[in-house]
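Read the structure below first, then the notes.
The values are calculated or read from the model by the stated rules, or taken from the named source; none is laboratory data. What you see is a predicted model; the values in this text were computed from it and never measured. So basically every Cβ, Gly included, is an ideal-geometry build from the backbone, and we count neighbours across all protein chains shown. Just so you know, the surface numbers come from the protein's heavy atoms only, side chains and all, with ligands and any DNA or RNA stripped out. Shrake-Rupley method; radii C 1.70, N 1.55, O 1.52, S 1.80 Å.
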Amino acid sequence: MRGTPSATIVDEVEALKREAGIAACSFVRSGMILGLGTGSTVRYTVLEIGRRMVEEGLQVKGVPTSEATRHLAEDLGIPLLTLEQADEIDLTIDGADEFDPDFQLIKGGGGALTQEKRVAAASRAMVVVADDRKQVPVLGGFDLPLEVGTSDWKRVRDELDSICPGMVRLRGGQIPYVTDNGGYILDCEFGPTISDPGKLEELILSVDGVVEVGLFVGMCDAVVMATLSEVLTIVKEDGRLN
Ligand code: 5RP
């Protein structure tokens, strides 16, 4: 069965996500306002926060980064604030599609990049939860997501063709994926070439019609990464958690 991951591999990856998601809760303290990320790894963080609230009396409030996370947190009884209601967010915990040695990220695989970036930007610190498949020397192996306005996507795609060396695809194709903001996502095939994500972010944001780009530069302060043998917490030397 070439090309299809076996059930064992799927189970192993799920176990790694769970381990990383739960381990990141070591950063959480009572009284914190937490940015709650989106995705299948940070889902375990949110579940663990919910468990600790019930079983250990942890008291936190959350700022969700997507409708999916808002629903999950509500089901768990985590009190929520909107970004506008939260004066400042103590810590955001979120997943990533890739992270490089400088703690720069590609995010947006789950389509929530715009709100994820707003919440991360309003946070005193950000911790990423991931399994070791997400660790890369250079960003770009994962197609870079951009959020675009629904009436702008064709023009943005055409303009991106001169910036992106590979294909630029509308997520969902004939039935486009629609974000929580009512936008579309373009997935851009850069390949592992993004050595200066800050510069590329600036260039892409200068294209009219781009709402947000899934490059997170200077935002992540630590990565909690699960490998088959251990869970590593890698803290950025000059980051805000040091
Ligand atoms: C959503 C994201 C996710 O954090 C990213 O896609 C990682 O998700 P997962 O933990 O499911 O692999 O950026 O927009």
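Inside the stretch 130-152, can you point out the residues that are more than 8 Å from the ligand (Cβ to nearest atom), outside any strand (DSSP E or B) and not aromatic (Phe, Trp, Tyr)? Of everything in the stretch 130-152, those that are more than 8 Å from the ligand (Cβ to nearest atom), outside any strand (DSSP E or B) and not aromatic (Phe, Trp, Tyr) turn out to be Asp132, Arg133, Val136, Pro137, Val138, Gly140, Gly141, Asp143, Gly149, Thr150, Ser151, Asp152. Remark: Val54 matches the filter, which requires a residue to be at pLDDT 95 or above, more than 14 Å from the ligand (Cβ to nearest atom) and out of contact with any helix residue (DSSP H, G or I) (no Cβ under 6 Å at 6 or more places or on another chain).
For Glu55, which of the numbered conditions (1) more than 17 Å from Val223 (Cβ to Cβ); (2) open to solvent by less than 40 Å² (accessible area, probe 1.4 Å) fails to hold? Going through (1) more than 17 Å from Val223 (Cβ to Cβ); (2) open to solvent by less than 40 Å² (accessible area, probe 1.4 Å) one by one, Glu55 breaks only (2). Of all the numbered requirements in (1) of a type in the set (Lys, Arg); (2) in contact (Cβ under 8 Å) with a residue 24 or more places away in the chain; (3) open to solvent by 40 Å² or more (accessible area, probe 1.4 Å); (4) in a helix (DSSP H, G or I), Arg169 misses one, and that requirement is (4).
Hey, among Leu203, Leu232, Leu241, which residue is part of a loop (DSSP other than H, G, I, E, B), modelled with pLDDT of 95 or more and surrounded by fewer than 16 Cβ atoms within 10 Å (Cβ to Cβ)?
Residue meeting the stated conditions: Leu241.
Can you find, within the stretch 108-126, the residue that is nearest to Val13 (Cα to Cα) among those that are more than 8 Å from the ligand (Cβ to nearest atom) and charged (D, E, K, R)? Among those residues, the one meeting the criterion is Lys117.
Conditions (1) open to solvent by less than 10 Å² (accessible area, probe 1.4 Å); (2) of a type outside the set (A, V, I, L, M, F, W, C); (3) away from the ligand (no atom under 16 Å from the Cβ), marked per residue:
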position: Val28; (1), (2), (3): yes, no, yes
position: Tyr44; (1), (2), (3): no, yes, no
position: Val63; (1), (2), (3): yes, no, no
position: Arg70; (1), (2), (3): no, yes, no
position: Leu83; (1), (2), (3): no, no, no
position: Asp97; (1), (2), (3): no, yes, no
position: Leu105; (1), (2), (3): yes, no, no
position: Val128; (1), (2), (3): yes, no, no
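Somewhere in the stretch 214-227, is a residue more than 16 Å from the chain's Cα centre (by Cα) and loosely packed, with under 14 Cβ neighbours inside 10 Å? Scanning the stretch 214-227, I find no residue that is more than 16 Å from the chain's Cα centre (by Cα) and loosely packed, with under 14 Cβ neighbours inside 10 Å, so the answer is no.
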